[in-house]
Each structure stands twice: as structure tokens, then as C-alpha cells.
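Heads up: the structure comes next, in C-alpha cells.
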Amino acid sequence: MAAPRHVEIAGGGFAGLATATAFRQRGWTARIHETAPELRSFGAGIFIWENGLRVLKVLGAYEAVIDNAHEAPAYEGRNEHNERISYHTLDGDCRMLTMTRQHLYAAMLAAAERAGVEFETSSEIIAADPDGALIGANGREYQGDLVVGADGVNSKVRTSLGVATERETFTHGVIRVLVPRGAHDLAETNPDNVINFWAPRLKILYVPCTEDILYMAMMVARDDVEATTIPVNKKVWCEELPFLAHIIERIGDDGRYDDYETTKLERMSVGRAVLVGDSAHPMPPTLGQGAGCAIMNALGLAVAIDEAGDDIRAGLDAWERRERPLTDHTQDVSGLYVRSRAGSDGSDKWDDAAMRTARHVPTGTEGVVF
Ligand SMILES: Cc1cc2nc3c(=O)[nH]c(=O)nc-3n(C[C@H](O)[C@H](O)[C@H](O)COP(=O)(O)OP(=O)(O)OC[C@H]3O[C@@H](n4cnc5c(N)ncnc54)[C@H](O)[C@@H]3O)c2cc1C
């Protein structure tokens, strides 16, 4: 019997875990190299829409994810006077779940471990050889039938492959924090809703993750020195959104500010090396679809390579032709949201375009029944 084919993966984030699990499910062996000393997720909260939930179901992580995730009854917009400017209920056919990142990560990691994925922590990858190897900072070469750069927005694998790249850093970025929820938060509306609070200078996205934990994504211009500082400058944020002061006051000293960035690649693979997730297509978080696209493309990659049999190159080309149009669309719309502050005036200008990704049935999830 022929030996199983093998995939080597740089990066143990959502893209790396999904890729490894999907290949293991198709009989490949899979190893993840993670530069950090431990496997865990950084950041605060995350949205996973219906498209992502379908992928999680196929990967075997869905049940654990929904066990402690929040399903908001509605998505509201409010202005700087705390007046409602938009309101959407979310139907059962297209769910939007919110959760902590660590919760999603733990569920995906457990699914990868059950599938038999191997892990090397403290293993930094500095390059990929398109003939089928990852190169470690320790000087070792790790051979694979396929090698994957899932090493995030500052991907070394991408740089080493020399793929032509357009990069954009937006005028705005975001501070992400988790805070405890309070019994009397937002008495004027349903505190279980996800709510975008728009003020002229700053914006807060209020996101319940569990009964006790709230995620706040605090959008701010990157040149706003006062409001981008960590620990959060509570005085500045309270002045802009005073009716949220009771929550802002609960923010601790942690948190981080990140720019919004995108890269557009001329192509996502070279030889037998391929880029998946933020290494290929980072996007502003305005649609909550960066990880969604990463895990859709990871599963779609395993399906396409499986369909192509021995011709891995043909599989990679078929994958990019099939998956890339929706990824490009999602990146473009998420960028428009930042540039136009779409939603700040209560308009729903981009909603149909935004919902296209959430309503998509990802490759490999066609028969999914929840
Ligand atoms: C503010 C913000 C909010 C967001 N909100 C959402 C949301 O609500 N919903 C959503 O779907 N998406 C969201 N996203 C996007 C989402 O976080 C990313 O798209 C997703 O994390 C990408 O996963 P990834 O595995 O490709 O990259 P990462 O999560 O960055 O993982 C990369 C991994 O590779 C490791 N690594 C890096 N370099 C090396 C190396 N040289 N060798 C080995 N390992 C390496 C890193 O340590 C890390 O573990 C948000 C992003 C931001 C910035």
C-alpha cells in the first residue's frame, strides 16, 4: 500500500488547524509548526457566521463551539446620543454566533487532536521551497507533498515565495478587550444584542460572548494618539460615548491595538507551496469574516487536492479558481465598510454584498445537516 501523502503547515492559528484537520480527514498525515511555545489564540472575541459554522461542523468542532457561544437576537446601530439608527433581526437560516477567541480555538484544537494532527511548538518557519519543503529557523527542512503557509498577516512563507503583493493599511484600526458583563448594562435596549455605537471620532462594537463576558472592539483612527493608547484612555472614550461609561470603566489594563490591513496576492500558490488564511488575504474585521474565509479556504483546499488525485498543481489551480472570487469580494466589501463608515448613518448600503459570504455554502459542506 502507498504511504499516505503528507502536508507540512507553518502556523497553528485557525487556518493552520482547519487545513491540518481537513487533510487528516482525507487520509493525509499533517504536521503544524507553531512559532509560539504554546498553542493558543490571542485577541478577544470573534464572530462566526453560518458559512463558518458549516465548516466547523465538517471539521468536528461545531458541537463544542456552540456549547458556549452567544446567538444575539438582533444587530443594532446606535448614534452618539444613544438613539437607535438601525435594527436587524437575524433569521435561523443565517446565524451569527459570537464567542471568545480562546473558546473557538480550543474547540478547533481539540478537533485537530482527535483527527491525529501532529504539532511542533517553538518551531519557527522562515521560508518555503516550492518543490515541497518548509525551512525552519533551526536550519531543518521539513518535506511534504504539499507545504502550507498559514503563518498570518506578516507571513514569512509568503515573503519567501516572492509572490507579487499589494498591501494596504487603513486609516483606522481597533482596540480589542474582554470585560465582565454587568446586571444593569444597557437597560435602554436588549443587552444580548450586538450593538454598533457610532460617534464622530470613535466607535464601539458591543459584543456579548457568554452570559458573563463581553467583547468590545473599539475602532479609532490610527493617528489618534490619545485614543489608541493601551491601557485604554477611559477618559477620552467616556467623553465620546458617555452612556457607555459604566462599561468602559470596567476595562482592565490589558488589550491591544491593531491596524486594519489587507494584502492582495497575484496568486496564492507557487509549485507545491500554498498560502491559506491571513497570510494570503487579511481583511478588516468589519464583516467578521477573516477567520470564516480562512477556514472555508482551508477545507476547500483539501477537497480540491483530493479531487485532483496525483496532480497537486492542478488541484491548487482549481482551488484558487473556485474559492478566490468570494474571498476577493469579502476583502473588498470589508474595506469599503472601513472607508465609508457604512452603517454610521443607519443606511444598509452594503448589506446584500456583506451577507453574500455569510449565506455561502462552502465547498465540502454541501450535505451538512445541523
Ligand atoms: C480586530 C480584529 C477582529 C477580527 N474579528 C473577526 C471576526 O469577528 N470573525 C472572523 O471570522 N475574523 C475576524 N478577524 C480576522 C481573523 O482574526 C483572522 O482572519 C484569523 O485569525 C486568521 O487566521 P490565520 O490562522 O490565518 O492567522 P493567525 O490567527 O494570525 O495565526 C497565525 C499563526 O501562525 C503563527 N506563526 C506566525 N509566524 C510563524 C512562523 N514564522 N512560523 C510558525 N508559526 C508562525 C502565529 O503564532 C499564529 O499562531 C478579526 C481580525 C482582527 C484584527
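Among residues of the stretch 38-59 that are under 19 Å from Met218 (Cα atoms) and at pLDDT below 95, those with a Cβ under 8 angstrom from a residue that is near the ligand (Cβ under 8 Å from one of its atoms) and not β-branched (Val, Ile, Thr), sequence gap 6+ or separate chain, pair up as Phe42/Arg101; Gly43/Arg101; Gly43/Arg176; Ala44/Arg101; Ala44/Arg176; Ala44/Ala217. Condition check: open to solvent by less than 50 Å² (accessible area, probe 1.4 Å) and touching a residue at least 12 places away in the same chain (Cβ under 8 Å). Does Thr35 satisfy that? No: the conditions fail for Thr35. Scanning the stretch 232-280 for residues that are acidic (Asp, Glu) and part of a strand (DSSP E or B), we see that the one that is nearest to Ser334 (Cα to Cα) is Glu261.
For the stretch 51-66, a residue qualifies if it is in a helix (DSSP H, G or I) and more than 12 Å from the ligand (Cβ to nearest atom), and the qualifying residues are Arg54, Lys57, Val58, Leu59, Tyr62, Glu63, Ala64, Val65, Ile66. Residue count for the stretch 31-50, restricted to those that are part of a strand (DSSP E or B), under 28 Å from Ile125 (Cα atoms) and out of contact with any helix residue (DSSP H, G or I) (no Cβ under 7 Å at 6 or more places or on another chain): 3. Scanning the stretch 1-9 turns up no residue that is open to solvent by less than 30 Å² (accessible area, probe 1.4 Å), modelled with pLDDT under 95 and either assigned to a loop (DSSP other than H, G, I, E, B) or within 6 Å of the ligand (Cβ to nearest atom) (or both).
Looking only at the stretch 23-42, which residues are in contact with a strand residue (DSSP E or B) (Cβ under 9 Å, 6 or more places away or on another chain) and either more than 6 Å from the ligand (Cβ to nearest atom) or within 15 Å of Ile295 (Cα to Cα) (or both)? If the condition is that a residue be in contact with a strand residue (DSSP E or B) (Cβ under 9 Å, 6 or more places away or on another chain) and either more than 6 Å from the ligand (Cβ to nearest atom) or within 15 Å of Ile295 (Cα to Cα) (or both), then Phe23, Arg24, Trp28, Thr29, Ala30, Arg31, Ile32, Pro37, Glu38, Leu39, Ser41, Phe42 are the ones that fit. Residues that are over 24 Å from the mean Cα position of the chain (by Cα) and within 10 Å of the ligand (Cβ to nearest atom): does the stretch 136-146 have at least one? Among the residues of the stretch 136-146, at least one is over 24 Å from the mean Cα position of the chain (by Cα) and within 10 Å of the ligand (Cβ to nearest atom), which makes the answer yes.
Check whether at least one residue in the stretch 301-308 is part of a helix (DSSP H, G or I) and either of a type in the set (Phe, Trp, Tyr) or under 15 Å from the mean Cα position of the chain (by Cα) (or both), and report yes or no. The answer is no; no qualifying residue exists.
Taking the stretch 214-237 as the range and being open to solvent by 60 Å² or more (accessible area, probe 1.4 Å) and either in contact (Cβ under 8 Å) with a residue 60 or more places away in the chain or touching a helix residue (DSSP H, G or I) at 6+ places or on another chain (Cβ under 9 Å) (or both) as the test, only Glu226 passes.
Of the residues making up the stretch 247-288, those that are open to solvent by less than 20 Å² (accessible area, probe 1.4 Å) and among the aromatic types (Phe, Trp, Tyr) number 1. State yes or no: is Met268 within 16 Å of the ligand (Cβ to nearest atom), of a type in the set (A, V, I, L, M) and under 30 Å from Glu226 (Cα atoms)? Against the criterion (within 16 Å of the ligand (Cβ to nearest atom), of a type in the set (A, V, I, L, M) and under 30 Å from Glu226 (Cα atoms)), Met268 does not qualify. Scan the stretch 14-31 for residues that are crowded, with 24+ Cβ neighbours inside 10 Å and out of contact with any Leu (no Cβ under 7 Å at 6 or more places or on another chain) and jot them down. Within the stretch 14-31, Phe14, Ala15, Gly16, Ala20, Phe23, Ala30 qualify.
Those strands (runs of 3 or more DSSP E) of the stretch 83-188 in which at least 2 residues are modelled with pLDDT under 90, considering only elements entirely within it, cover 84-89, 165-180. The single residue among Ala308, Ala304 that is more than 16 Å from the ligand (Cβ to nearest atom) and free of Cβ contacts under 8 Å to residues at least 24 places away in the same chain turns out to be Ala308. Select from the stretch 190-213 the residues that are open to solvent by 10 Å² or more (accessible area, probe 1.4 Å), assigned to a loop (DSSP other than H, G, I, E, B) and polar (S, T, N, Q) and list them in ascending order. Once the filter is applied, which keeps residues that are open to solvent by 10 Å² or more (accessible area, probe 1.4 Å), assigned to a loop (DSSP other than H, G, I, E, B) and polar (S, T, N, Q), the stretch 190-213 yields Asn190, Thr210. When the criteria are applied in full, Thr229 meets the requirement of being part of a loop (DSSP other than H, G, I, E, B) and farther than 29 Å from Val55 by Cβ.
The values are calculated or read from the model by the stated rules, or taken from the named source; none is laboratory data. Everything numeric here is computed off the predicted structure, so don't read it as measured data. Reconstructed Cβ throughout: ideal geometry from the backbone, glycine too, with neighbour counts over all protein chains shown. Protein only, heavy atoms only, side chains kept; ligands, DNA and RNA dropped before computing areas. Shrake-Rupley method; radii C 1.70, N 1.55, O 1.52, S 1.80 Å.
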